[in-house]
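Read-outs throughout are calculated quantities, based only on the coordinates presented, and are distinct from any laboratory measurement. Predicted, not measured: the structure shown is a model, and the values here were computed from it. Quick reminder, even Gly has a Cβ in these numbers, built from the backbone with ideal geometry, and neighbours come from all protein chains shown.
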Amino acid sequence: MIPDYDKALYYTLWGQWDDLLVLMVRTKDDMLSKKIEQFLNAYHYSLDQSKVINTHDTLLYYIDHAMKYTPPVMMEV
């Protein structure tokens, strides 16, 4: 099973926007979904190239941050 963050990174770097859109709908991470939505919206509808670049970078920064996070281990009783 490939985590959503790995998929998001792969799809973003290789320009697979259709797969990124499907991931946006299916992921359980609301923040990842929102970042993908903002990027795809800017990519398809914005005339301002700096907005597209900014949302792309923000998505990549979030993916990088989320991949570094490891949830705390639960104590077993």
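Some notes on this structure:
- Residue list for the stretch 11-23, restricted to those being under 14 Å from LEU60 (Cα atoms) and not in a helix (DSSP H, G or I): GLY15
- Matching residues, the stretch 24-70, being of a type in the set (Val, Ile, Thr), assigned to a helix (DSSP H, G or I) and free of Cβ contacts under 8 Å to residues at least 40 places away in the same chain: VAL25, ILE36, VAL52, ILE53, THR55, THR58
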